[in-house]
Amino acid sequence: MRVPISWLSEFIELKKSSEEIAEILTLSGHEVEEVFDPYKKLGDLISVKILEVLSPEDLKEVVLCRVTDGKETFSVLTTAKDQVKPGLILALAKPGSLTFSHQKVEVKEIKKYRSEGMFLSPFEAGISEIKDALLVFPEDTPLGKSIYEILNIKEPVLEIAITPNRGDLLSIYGVARELNLICGWELKPLSFEESLLKGEPFEGEIKILEEEGCFRYIGRLFKGVKISESPFFILKRLFLCGLRPINNIVDITNYVLLELGQPLHAFDWEKISGKKILIRRAHLGEKLLMLDGVERTFTEEDLVIADSEKALVLAGIMGGEDSGVTENTQNIFLESAWFNPKWIRLSGKRHRLTTESSYRFERKVDPEGVLFGALRATELILKITEPSEISQIVDVYSRPFKSPLIEITSQKINKILGFKIEKSFIEATLKKLGKLQTEGDTFKLRPHSFRQDLEIPEDLVEEIARLYGYDRIPATFPVAELKAKASRLELQLERKIREILKGFGLFEVITYSFINPETLQKLNLSERDERLKVIELENPISSHLSVMRTSLIPGLLEVAKFNSAREVEDLSIFEVGKVFFPDTELASEFTHLAILLKGEKKLLPWEGYKRKYDLFDLKGILEELFSALSLEVEMRPYSQELFLKKGFSYDLYLSGIKIGFAGAMKNYVLESLDLKKPLFVAEIDLSKIYTLYSEVKRTYTIQKPPKFPSTFRDISFIIDKEVPYGEILSYIKGLEIPYFEKMELIALYEGPPIPEDKKSITLRFWFRSEERTLFDDEVNALQDEIAKKIFAHFKAKPR
Amino acid sequence: MKPEEIEALKEKAFKEFSEAKNLTDLESLRVKYLGKKGEITQALKSLKNLSLEEKRIFGSKINELKELLEELYQERKRVLLLEEEDREKGIDPTLPGRRPDRGALHPLTLVIEEICEIFTRLGFEIVTGPEVESDYYNFTALNIPEWHPARDMQATFYLKNGALLRTHTSPMQIRAMLEKTPPLRIIAPGKVYRCDADVRHSPMFHQVEGLMIDEKTSFSDLKGILSFFAREIFGEKTRVRFRPSYFPFTEPSVEMDISCVICEGKGCRVCSQTGWLEILGAGMVHPEVLKAVNYDTTKWQGFAFGLGVERIAMIKYEIDDIRLFFDNHLYFLESFK
């Protein structure tokens, strides 16, 4: 909310500078976001001197002035022919600036003549009501200077972020009242002459048909008003607060709204049929063309102000175009009301409409202020529009407001705050907030009608603490039971996984939980794939972020794309995050881990040796990760995932349950995403691991230093290329070999002189006895035996 | 051989051995003195004409000398061998090393871990919960009914299934209180979502929620714990400031500022010349919230706080654009190695 200091000072004696007031308000819970001068925000409004005035023959209405700002010269066209002459110093609005009446100044061209700015009248400069003369400065005025600096005009305005509970601060007077509470500076009371209530009998009828929606409705008729532009002081204040003027009546309603926080509405009385003002629920489907030019269709939940035939206004939010005040209006009906904040809020949300008026009604206006609003407006209307006749005030107050009685003890205050605050301070503070009754240590408060934020004892504790000063409250350490549980297994495991992968040289990324459905489409998933059953966002920020992810892969691919477009082709990254699937309520959320390797593996560049990532980099990372987690994950070759190259992929299984996949992305998919190959991905459902992990009993096989030496023997053979190494491995694992310690694959070779459909394999077998050193002969015999078995089983030949 | 001659031999040998420049020289000295035809052997041979008594005396002297020379030779050889290696022409030691791979955790993870570490030290338990939430947990149970204007403070993403993406981690207060019995101390880190996107706002960001409920936990305790936290994460010199604020689910409510870490409170661009940086919101848990989880409000009270992880990371690492976190460019990620 904008609060001009000059307006504020009309109601309270300000004893500090605007910066200090900003600080006071901020520290009292009303954050002042900015102290600014609206005049300065208009742009370049500067002093210039006319060098010469030209009247080219092809220009009729205007003359051309050559002007200087002391540095440069430029030309300005003006209609004020008679007022310009060489040597005169004037106010110029340069292109790009705004004038007081919200006119945007641009470079203009008439015929071949260019106009770079506009001379200002005192009115267009926002200084006075004079419109028909140009603003002229004395001869010795410096050129190129801001006209406001020259005139020493300063209009500091506070931009205050009012919290939603303090609707009472959405007005100049409200802020003055709050400053009085905080600083004790003298506040001018609101008072009106008794006579303002009186007038001719009201010729119409006001009826509240929906009491739940409207608690109080005040109306008054003004006849024979003169509609025109508002006087300058109103225009200026609307300008300072950022509101646009319309006509004097509408401006007065806005002026009162800003000053007192009471929204008002003015109707053209002649447009109200049957002279009836009915406050009722809208009919289902009832339509109204509103002031913003939009026709809206109401429901029975909307409250409207209607005449005997139709809805005129969406109550408390916005009026209809037909019943509004225009320059032809003669008789106006003024409304000042108190609507149910919930109704206004829900109605506004339903129609996606927020106005200065609804914003205040939602945040609770002062029920007693409804009358003040009407009277203040009456005062101004009488003064400005000179009506020939006014009616009496009609006040339909169906539900008189009663503030709650809040009871609190000093013990409770001290317990919540954690220290003892003097009783005298409590009492003095509460007295300022309403009607207080003190009985021993118990305080009973009925807050002022404008302080509807005060409802429960805790609200009073905040007021006491706030006015005492948060910084004066001690900072202590709580005394509590010394117990805290270890974090859950999931978190421990996640941390461990992150640390391990970091140790492997991978970088962690965090991507959005919402993804581009197109990226998911490009994965070429089968139609029945669960991952296509995404949860869609009702109001996504863009179509690229419109569905909840069901896989981390699209996000990682986007990261790869972003990097690839910015110099980085080689990546090794991972993410741990949630994926989301539809569920009966909310969503099923699972934590996934995904890894992406792309491009070349980092080696020492000066060794001239680089190589591309391959499948075994990914497999190795996963194997080592699972080993570190003591998980026996089976990597079954040939993944079912359609976006992976079948011959270069695995599905991952733990205890017979599929937990993920790993492999090379198909080139087809990569091309559609504009990504270079090779690119390897893996995704693992950690949620599944968590359940199994808690069941796995981790045992360690303790190995001691050997007592007797080991011996090894190599077995080399040529075997069909088609036979997977895994098959040989599991065959050997099934053999019962005496003294067997371990086996390693030490050579794998394909190519000449080995026939094309064969490969050569060398295995190294290690033997050891715990009791003695083995003899060469017996190890040789073992070697022969194993070799024979392998050769026979796989139809292999020795090499 | 006369005693003087033995002395002379000793002196000469000592001098030559100690002057030997390299192993080759040393080897020829060994041959010269200690070899089969060396001077010591010769000297011993020259004794054969002497009397038994003289043989014994001179013999032992020469043998003594021989032992000394052997020792000297070994010593000299050790020194020369060591020197020899130093004379080897090395490689270019200024070339870069062969580093093992080392990645990095995301800066937001680093900050979350640091926050969690501080609070677990204080006996807070880490809990997590769903990111897709119901209107009830995200708003209503937190004393933000449907018509409440405070809903404007949090632009909400709705899902087509009627649920929403949590706009803050505060629903975890409700979930934790329902799940546990007081007293309790929890922190809940996690992702939250709001329809906002610019240099300072990301549609997805992270918060850490904290909650402490006990019989006497007071507003002073809130100040104590949060001031401690600020000094732990931003350094001992950090000053804090508490301002009244408003959250529907706390009363009294407070916002905490820290003295600007860039200018140390003098005023700069980062703190908009105020010298202060807003860092978290907190307050005493609102009785309506305690009622929503059926806690006895006459017995239990406590405080809750919520802090923005990105905000802290941006202050801590002096990052000026929130989007950097989610672009995940490698150069950015490498900054946190």
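The values are calculated or read from the model by the stated rules, or taken from the named source; none is laboratory data. Everything numeric in this text was worked out from a predicted model, so none of it was measured. Every residue, glycine among them, receives a Cβ derived from its backbone with ideal geometry; neighbour counts consider all protein chains shown. Accessible surface areas use protein heavy atoms only, side chains included; no ligands, DNA or RNA. Shrake-Rupley method; radii C 1.70, N 1.55, O 1.52, S 1.80 Å.
Some notes on this structure:
- Equivalent ellipsoid semi-axes - Cα gyration tensor, segment A:548-600, angstrom: 28, 10, 6
- Stokes-Einstein D in µm²/s, Kirkwood radius over Cα pairs - the protein assembly as shown at 10 °C with 1.306 mPa s viscosity: 42
- Shielded residues, segment A:439-472 - accessible-area loss of 20 Å² or more between chain alone and all protein chains, probe 1.4 Å: A:I456, A:E458, A:D459, A:E462, A:Y470, A:D471
- Sparse packing (at most 12 other Cβ atoms within 10 Å of the Cβ) combined with a DSSP loop state is found for the following trypsin sites (Lys or Arg not before Pro) in segment A:93-166: A:K111, A:K112, A:K131.
- Anchor A:K131: lysines whose Cα lies under 17 Å away (excluding residues fewer than 8 positions away in-chain): A:K81, A:K236
- Against the main long axis of the alpha-carbon atoms of chain A, helix A:553-564 sits at an angle near 80°.
- Rounded to whole Å, sorted largest first: equivalent-ellipsoid semi-axes of segment B:107-336, Cα gyration tensor: 27, 22, 17
- Straight-distance candidates among the aspartates and glutamates for linking to A:K271, with alpha-carbon spacing under 17 Å and chain neighbours fewer than 8 residues away dropped: A:E203, A:E205, A:D307, A:E309, A:E321, A:D322, A:E327, A:E335.
- Computed over segment A:169-218, the P(r) curve from all C-alpha pair distances, binned at 5 Å from the origin, holds 5, 13, 13, 11, 14, 17, 15, 7, 4, 0 percent per bin.
- Ranking by accessible area, most exposed first, for A:R566, A:R466 with a 1.4 Å probe: A:R566, A:R466
- A simple charge model with +1 on the Cβ of Lys and Arg, -1 on the Cβ of Asp and Glu and nothing else charged puts the dipole of segment B:1-157 at about 1880 debye relative to its Cα centre.
- Charges were assigned to the Cβ only: +1 to each Lys and Arg, -1 to each Asp and Glu. The resulting dipole of segment A:461-578 about its Cα centre is roughly 400 debye.
- Pairwise burial B:A, computed as accessible area of each alone minus the pair, summed, 1.4 Å, Å²: 8000
- What the Cα convex hull of segment A:1-137 gives, in volume per residue, is 138 Å³.
- FRET E, pair A:D757, A:K733, Förster distance 30 Å, beta-carbon r, rounded to 0.05: 0.70
- Compared with the dominant Cα axis of chain A, that is its longest principal axis, helix A:369-385 is turned about 50°.
- Taking every alpha-carbon pair in segment A:640-799 and binning the separations at 5 Å intervals from zero gives 2, 7, 12, 12, 12, 13, 14, 13, 9, 4, 2, 1, 0 percent.
- Charge dipole (segment B:3-88, unit charges on Cβ, about Cα centre) - positive-most of B:L68, B:L26, B:L52: B:L52
- The GluC sites (Glu not before Pro) of segment A:176-234 that DSSP puts in a loop, and whose beta carbon has at most 14 other beta carbons within 10 Å, are A:E186, A:E193, A:E203, A:E211, A:E212.
- Neighbour-limited loop hits for GluC sites (Glu not before Pro), segment A:386-488 (at most 12 other Cβ within 10 Å; DSSP other than H, G, I, E, B): A:E422, A:E481
- Cα long-axis angle, helix A:341-350 against chain A (0 to 90 degrees, to the nearest 10): 60
- Listed cross-link partners A:K444/B:K180; A:K402/A:K444; A:K15/A:K412 are compared with a 24 Å cut-off, the Cα-Cα value being larger for A:K444/B:K180; A:K15/A:K412.
- Cα convex hull of segment A:275-391, projected area averaged across orientations, nm²: 7.7
- Label-point separation in nm, B:V79 to A:E52, each point 7 Å along Cα→Cβ: 10.1
- Farthest positive-ward along the protein assembly as shown dipole, Cα basis, beta-carbon charges - from B:N161, B:S202, B:G35: B:G35
- Take the Cβ atoms of B:K316 and A:E23, set R0 to 30 Å, and the FRET efficiency comes out at 0.70.
- In chain B, taking the dipole from charged Cβ atoms about the Cα centre, the farthest positive-side position among B:S253, B:A230, B:L178 is held by B:A230.
- Approximating the spin labels as points 7 Å out from Cα along Cα→Cβ, the A:K432-to-B:K48 distance works out to 12.6 nm.
- Test item: Cα-centred dipole of segment B:64-198, Lys/Arg +1 and Asp/Glu -1 on Cβ, debye: 840
- For the listed residue pairs B:K15/B:K48; A:K275/A:K310; A:K415/B:K223; A:K41/A:K94; A:K733/A:K789, the alpha carbons are over 19 angstrom apart in B:K15/B:K48.
- Cysteines without a disulfide-compatible neighbour (Cβ-Cβ under 4.7 Å), chain B: B:C116, B:C195
- Note on segment A:139-250: Cα Rg divided by 2.2 N^0.38 Å, N the number of residues, gives 1.58.
- Candidate residues A:T591, A:T476: accessible-area rank, largest first, probe 1.4 Å: A:T476, A:T591
- Distance in nm between pseudo-label sites at A:T326 and A:R799 (7 Å out along the Cβ direction from Cα): 9.8
- Summing charges over neighbours of A:D168, with a neighbour being any other residue whose Cβ is under 9 Å away from its Cβ, gives +2 when K and R count +1 and D and E count -1.
- Over the C-alpha trace of segment B:3-88, radius of gyration and Dmax come out as 14.6, 53 angstrom.
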